[in-house]
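Q: Can you read through this structure? Questions will come right after.
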Amino acid sequence: MLSLESKTSDRWLGQVDTGLEEILIDHAHCEKKAAGTAMNLLFAYVDNIELCRAMTEIVEEELEHFHLVIDLLTRRGIRFRRLAPSTYGRKLNDLVRRQEPHRAVDRLLVAGLIEARSCERFDLLRKHMRRSVGDGQADAELADFYESLFESEARHHSTYVRLAKAFASDEVVQARLGELAAAEAAIVAEGDPLPRMHS
């Protein structure tokens, strides 16, 4: 369903246990960036009405999620602040081809893969927080929070993949999705030393 070619390793859950505050702050930044990605796509492909409508909905939903994460941080006494981002998004975006319509296909599929990885990690967080965090205590609030976001991330992934098919055939899109998913899996396997949503 999510087009991912790998599962998140236990290394990342170790980062969750030792750097949860930074991961939560980074999550807020990720929601903000996801809204920006959808807005950029809306401006870039304004002649595609289906894409514009879908991007408008995603922008609204991602900004709503941003506010939800900010509220969560506030309840926990965590100050929202700038963080050095992980290299995950930059490395994926470096794979986007320059010429249209390949560029449109790649931009949409990269956005879809980022949503897919977020979805997978939200599910991991939900399960992990039901069991325990670093001090051995379960965190029901966080478990419920990530469970509430899971479905929308999966839907966004499907939307991006579907919209890519306006720029190339189903066969071409699926082949390119496979290539990008393999590259995404390699980026995730390499990891990032900073505790981030996509480290």
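Q: Quick one: which of D123, D139 is surrounded by fewer than 21 Cβ atoms within 10 Å (Cβ to Cβ) and in contact (Cβ under 8 Å) with a residue 12 or more places away in the chain?
A: Values: D139 fails: in contact (Cβ under 8 Å) with a residue 12 or more places away in the chain.
From the options D123, D139, the qualifying one is D123.
Q: Out of E62, E50, I need the residue that is surrounded by 11 or more Cβ atoms within 10 Å (Cβ to Cβ), in contact with an Asp or Glu (Cβ under 8 Å, 6 or more places away or on another chain), modelled with pLDDT of 95 or more and closer than 14 Å to Y160 by Cβ. Which one?
A: On the way: E50 fails: in contact with an Asp or Glu (Cβ under 8 Å, 6 or more places away or on another chain).
None of the others qualify; the one that does is E62.
Q: Regarding region 22-30, can at least one residue be identified that is out of contact with any Leu (no Cβ under 7 Å at 6 or more places or on another chain) and closer than 18 Å to R107 by Cβ?
A: Taking every residue of region 22-30 in turn, at least one turns out to be out of contact with any Leu (no Cβ under 7 Å at 6 or more places or on another chain) and closer than 18 Å to R107 by Cβ.
Q: From the list T56, T74, pick out the single residue that is of a type in the set (S, T, N, Q), farther than 24 Å from A143 by Cα, modelled with pLDDT of 95 or more and not in a loop (DSSP other than H, G, I, E, B).
A: T56
Q: Another question, then. Working only within region 163-181, note down all residues that are over 20 Å from the mean Cα position of the chain (by Cα), part of a helix (DSSP H, G or I) and surrounded by 15 or more Cβ atoms within 10 Å (Cβ to Cβ).
A: Residue satisfying the conditions is V172 alone.
Q: Does region 7-21 contain at least one residue that is part of a helix (DSSP H, G or I) and more than 18 Å from P195 (Cβ to Cβ)?
A: The answer is no; no qualifying residue exists.
Q: How many residues are of a type in the set (D, E) and under 12 Å from the mean Cα position of the chain (by Cα) when one looks only at region 31-65?
A: 2
Q: Tally the residues that are assigned to a loop (DSSP other than H, G, I, E, B) and either free of Cβ contacts under 8 Å to residues at least 24 places away in the same chain or surrounded by 13 or more Cβ atoms within 10 Å (Cβ to Cβ) (or both), restricting the search to region 83-98.
A: Here the count works out to 9.
Q: If you don't mind, there's one more thing I want to ask. Within region 99-106, can one find any residue that is surrounded by 14 or more Cβ atoms within 10 Å (Cβ to Cβ), at pLDDT 95 or above and in contact with a helix residue (DSSP H, G or I) (Cβ under 6 Å, 6 or more places away or on another chain)?
A: Here is the first cut: in region 99-106, the ones surrounded by 14 or more Cβ atoms within 10 Å (Cβ to Cβ) are 101-106.
After this cut, where a residue has to be at pLDDT 95 or above as well, the list is 101-106.
Among the residues that remain, those that are also in contact with a helix residue (DSSP H, G or I) (Cβ under 6 Å, 6 or more places away or on another chain) are: 105.
Within region 99-106, one or more residues are surrounded by 14 or more Cβ atoms within 10 Å (Cβ to Cβ), at pLDDT 95 or above and in contact with a helix residue (DSSP H, G or I) (Cβ under 6 Å, 6 or more places away or on another chain).
Q: Separate question: Just one of the numbered conditions (1) outside any helix (DSSP H, G or I); (2) over 29 Å from I49 (Cβ atoms); (3) more than 17 Å from the chain's Cα centre (by Cα); (4) not aliphatic (A, V, I, L, M) is not true of D144; which one?
A: D144 satisfies every listed condition except (1).
Q: What residue, of A34, A44, is buried (at least 21 other Cβ atoms within 10 Å of the Cβ) and either aliphatic (A, V, I, L, M) or in contact with a Phe, Trp or Tyr (Cβ under 7 Å, 6 or more places away or on another chain) (or both)?
A: Working: A44 fails: buried (at least 21 other Cβ atoms within 10 Å of the Cβ).
Only one candidate qualifies: A34.
Q: Further question: Between a first residue in region 1-30 that is more than 21 Å from E153 (Cα to Cα) and a second residue that is assigned to a helix (DSSP H, G or I), which pairs have beta carbons less than 8 Å apart while being 6 or more apart in sequence or on different chains?
A: What qualifies is Q15/I23.
Q: Of all residues being out of contact with any Lys or Arg (no Cβ under 8 Å at 6 or more places or on another chain), buried (at least 16 other Cβ atoms within 10 Å of the Cβ) and of a type in the set (D, E, K, R) in region 182-196, which is nearest to I25 (Cα to Cα)? Just the residue, please.
A: Checked region 182-196; the qualifying residue nearest to I25 (Cα to Cα) is R196.
Q: Does A111 meet the test of being over 20 Å from L24 (Cβ atoms), under 13 Å from the mean Cα position of the chain (by Cα), of a type in the set (A, V, I, L, M, F, W, C) and surrounded by 19 or more Cβ atoms within 10 Å (Cβ to Cβ)?
A: When the stated conditions are applied, A111 passes them.
The values are calculated or read from the model by the stated rules, or taken from the named source; none is laboratory data. Just so it is clear, the model here is predicted, and its values are computed rather than measured. Positions of Cβ are backbone-derived with ideal geometry, glycine not excepted, and every protein chain shown enters the neighbour counts.
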